[in-house]
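Readers should treat all values here as calculations from the given coordinates under stated rules, not as data from a laboratory. Being a predicted model, the structure only gives us computed values, none of them experimental. No Cβ is skipped: glycine too gets one built from the backbone with ideal geometry, and neighbour counts run over all protein chains shown.
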Amino acid sequence: MTEDGVDPIEWQHSYGAALAAQQVAARDGALRPARDEIDAFVANWTDVTAPADPAEARAPGELQAQASRIELSLSGV
């Protein structure tokens with residue numbers, strides 16, 4: 001998020017990283033405990049392009065909280 005809204009480049013970069021994590025978790029059985037949390041994280045990106053209205057994007061704090069849940073689910077791996 002910027003003062004002007006959602007940065008489209010950062011949106012796509014972060015979405016790509018989230019999708020890559022999802023693919024790795026789907027292939028690696030050791031990451032099974034994190035799959036649901038990663039899927040929930042990816043669901044935060046509702047489209048491949050950034051929303052024109054910043055209110056349509058998740059708040060950064062919500063994304064950070066979901067990332068923390070992923071870390072917690074992986075703490076025993």
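Could you tell me what fraction of 2.2 N^0.38 Å the Cα radius of gyration of the chain comes to, as a two-decimal ratio?
1.15
Once each part is reduced to its C-alpha centroid, what is the distance from the stretch 60-77 to the stretch 1-47 in angstrom?
12
If you take the charge dipole of the chain about its Cα centre, with +1 on Lys and Arg Cβ and -1 on Asp and Glu Cβ, which of PRO8, SER73, PRO54 is farthest toward its positive end?
Farthest towards the positive pole: SER73.
Non-local amide H neighbours of ASP7 (under 5 Å, H modeled in plane, Pro and chain starts lacking H): which ones?
When sequence neighbours closer than 5 places are left aside, the close amide H contacts are THR2.
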